[in-house]
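The values are calculated or read from the model by the stated rules, or taken from the named source; none is laboratory data. Here the structure is a predicted model, which is why all the values come from computation and not from measurement. Positions of Cβ are generated from backbone atoms using ideal geometry, with glycine treated the same way; all protein chains shown enter the neighbour counts.
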Amino acid sequence: MFATYTGIRQAAVAAALASTVCVAAAAQAWEAGHVVLLHGTTSLDFIALPPGTFTMGSPTDEPGRFDRETPHVVTLTQGFYLQATELTQAQWEALMRNNPAHGSGVPHAPIEQVSWLDAIACANALSEAQGLPPAYDLSGCSGEPGTDSFSCSSVTFSDGATTPYACTGWRLPTEAEWEYAYRAGTQTAFPTGPITQTTEADPLLDQLAWNIHNSGDATHIVATRRPNPWGLYDMAGNVWEWVADGYGDYPDAPVTDPFVPFDEGNRVTRGGSFGAGGPQSARAAYRNSGEAGFRDRHVGFRLARSRPKAT
């Protein structure tokens, strides 16, 4: 594990044991050390990201790009917390009391074999554990999250919110927030530089990601590859990550705080995985999707929460 993450985590967990939630300032635009303590010493580590403007999508000459990656300028007016790693099996178990992972028994590997519905149920569980209003209102549900029988007939935001940005509780990041965080101020296919191979091993990706060329066809313990410039791990590779949005076309013009509603069909997944697709699928702009109830050993998630706007 990289020393930067280890140091942040040890210091933040020590503070969290005394005060449940701790926020410690780190370098310039982003902050590290926002820790949510669960049961015992199991905790979730978050990076505090600032508002900002960036170009979402890919340039037309980027190797491996697809048509639905139209470049467009996005402004995010609200900062947010994003989990420093993908949610792990231990973190899922602490909140949900089961373990659906295909590769179960590795506490610090990412949870996988979870649906979009499972992910938002987990987000609500974390909100409730912290005494926060849940972000999602799930109705017509049956079965237990993390099992094949779990389904819901309707999902809306709680407290009259119409977008994730207005929610108080923990949630999935929007697709725009996710790509903004992945890029971390860069504009190349990977935070480490441009893509050089679309299907064969790419050395710049291998620094960041457990992917089809270096994983041995299995997930790996989180934070064992290089972080991006904002201290986020495994944004590329390990497991695909559910985000909040439905899968829709991008606009041509600049947009502010974009979000595609749930009723727009499939939900978006981002980041590539340990075994599905080559380097092209782990690019910052690459988009994938699945139905809300889809489960697969290549798919997990990380959690987010809106930060209050500066007054």
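From the residues in the range 98-123 that are in contact with a strand residue (DSSP E or B) (Cβ under 6 Å, 6 or more places away or on another chain) and of a type in the set (G, A, S), which one is nearest to N238 (Cα to Cα)?
A119
Can you say whether T60 is over 25 Å from S289 (Cα atoms), part of a loop (DSSP other than H, G, I, E, B), of a type in the set (V, I, T) and free of Cβ contacts under 8 Å to residues at least 60 places away in the same chain, as far as the supplied structure shows? If you could, list the steps in order and put the result at the bottom.
On the way: over 25 Å from S289 (Cα atoms): no; part of a loop (DSSP other than H, G, I, E, B): yes; of a type in the set (V, I, T): yes; free of Cβ contacts under 8 Å to residues at least 60 places away in the same chain: yes.
So T60 fails the test.
Are any of the residues in the range 102-118 of a type in the set (D, E) and within 30 Å of Q197 (Cα to Cα)?
Here is the first cut: in the range 102-118, the residues of a type in the set (D, E) are 112, 118.
Cutting the leftovers down to within 30 Å of Q197 (Cα to Cα) gives us 112.
Yes, there is a match, as at least one residue in the range 102-118 is of a type in the set (D, E) and within 30 Å of Q197 (Cα to Cα).
Is it the case that some residue within the range 284-295 is of a type outside the set (S, T, Y) and at positive phi?
Going through the range 284-295, the residues of a type outside the set (S, T, Y) turn out to be 284-285, 287-288, 290-295.
If we keep only those that are at positive phi too, we end up with none.
Within the range 284-295, none of the residues are of a type outside the set (S, T, Y) and at positive phi.
Does G237 count as assigned to a loop (DSSP other than H, G, I, E, B) and either under 16 Å from the mean Cα position of the chain (by Cα) or free of Cβ contacts under 8 Å to residues at least 40 places away in the same chain (or both)?
On the way: assigned to a loop (DSSP other than H, G, I, E, B): yes; either under 16 Å from the mean Cα position of the chain (by Cα) or free of Cβ contacts under 8 Å to residues at least 40 places away in the same chain (or both): yes.
Yes.
Determine if the range 77-88 includes at least one residue that is crowded, with 19+ Cβ neighbours inside 10 Å, under 12 Å from V222 (Cβ atoms), touching a Lys or Arg at 6+ places or on another chain (Cβ under 7 Å) and aliphatic (A, V, I, L, M).
yes
Where the second residue is assigned to a loop (DSSP other than H, G, I, E, B) and of a type in the set (V, I, T) and the first is more than 27 Å from M56 (Cα to Cα) and lies in the range 150-175, which pairs have Cβ atoms under 9 Å and are six or more apart or on separate chains?
Filtered contacts from the range 150-175: S158/T168; D159/T168.
Whether any residue in the range 111-118 is modelled with pLDDT of 95 or more, under 23 Å from V222 (Cα atoms) and in contact with a Cys (Cβ under 6 Å, 6 or more places away or on another chain) is what I want to check. Even if it seems obvious, please write down each step before you answer.
Kept after step one, since they are modelled with pLDDT of 95 or more, are these residues of the range 111-118: 111-118.
Filter again for under 23 Å from V222 (Cα atoms), leaving 111-118.
Still in the running and in contact with a Cys (Cβ under 6 Å, 6 or more places away or on another chain): 117.
Checked against the condition, which is being modelled with pLDDT of 95 or more, under 23 Å from V222 (Cα atoms) and in contact with a Cys (Cβ under 6 Å, 6 or more places away or on another chain), the range 111-118 yields at least one hit.
Just one of (1) out of contact with any Phe, Trp or Tyr (no Cβ under 8 Å at 6 or more places or on another chain); (2) in a helix (DSSP H, G or I); (3) surrounded by fewer than 20 Cβ atoms within 10 Å (Cβ to Cβ) trips up L204, so point out which.
(1)
Which one is surrounded by the fewest Cβ atoms within 10 Å (Cβ to Cβ), of the residues in the range 229-240 that are within 17 Å of D45 (Cα to Cα) and touching a Gly at 6+ places or on another chain (Cβ under 9 Å)?
Within the range 229-240, the match that is surrounded by the fewest Cβ atoms within 10 Å (Cβ to Cβ) is P229.
Kindly list the number of the only condition in (1) in contact with a strand residue (DSSP E or B) (Cβ under 9 Å, 6 or more places away or on another chain); (2) surrounded by fewer than 16 Cβ atoms within 10 Å (Cβ to Cβ) that fails for P133.
Every condition holds for P133 apart from (1).
Please find, among R270, R225, R297, R283, the residue that is closer than 30 Å to A161 by Cα, of a type in the set (D, E, K, R) and either free of Cβ contacts under 8 Å to residues at least 60 places away in the same chain or crowded, with 18+ Cβ neighbours inside 10 Å (or both).
Every option except R270 fails the conditions.
Kindly establish whether E175 is surrounded by fewer than 16 Cβ atoms within 10 Å (Cβ to Cβ) and modelled with pLDDT of 95 or more. Please lay out each step first, then the result.
Working: surrounded by fewer than 16 Cβ atoms within 10 Å (Cβ to Cβ): no; modelled with pLDDT of 95 or more: yes.
So E175 does not fit the description; no.
So, in the range 240-266, how many residues would count as being in a strand (DSSP E or B), among the aliphatic types (A, V, I, L, M) and either closer than 19 Å to F294 by Cα or under 17 Å from the mean Cα position of the chain (by Cα) (or both)? Please lay out each step first, then the result.
Initial filter on the range 240-266 (in a strand (DSSP E or B)): 240-246, 255-256.
Filter once more, so that each one left must be among the aliphatic types (A, V, I, L, M): 243-244, 255.
Keeping just the survivors that are either closer than 19 Å to F294 by Cα or under 17 Å from the mean Cα position of the chain (by Cα) (or both) gives 243-244.
The number of residues fulfilling the criteria is 2.
So, in the range 70-95, how many residues would count as being in a loop (DSSP other than H, G, I, E, B), over 20 Å from D257 (Cβ atoms) and out of contact with any helix residue (DSSP H, G or I) (no Cβ under 9 Å at 6 or more places or on another chain)?
Going through the range 70-95 one residue at a time, the tally reaches 1.
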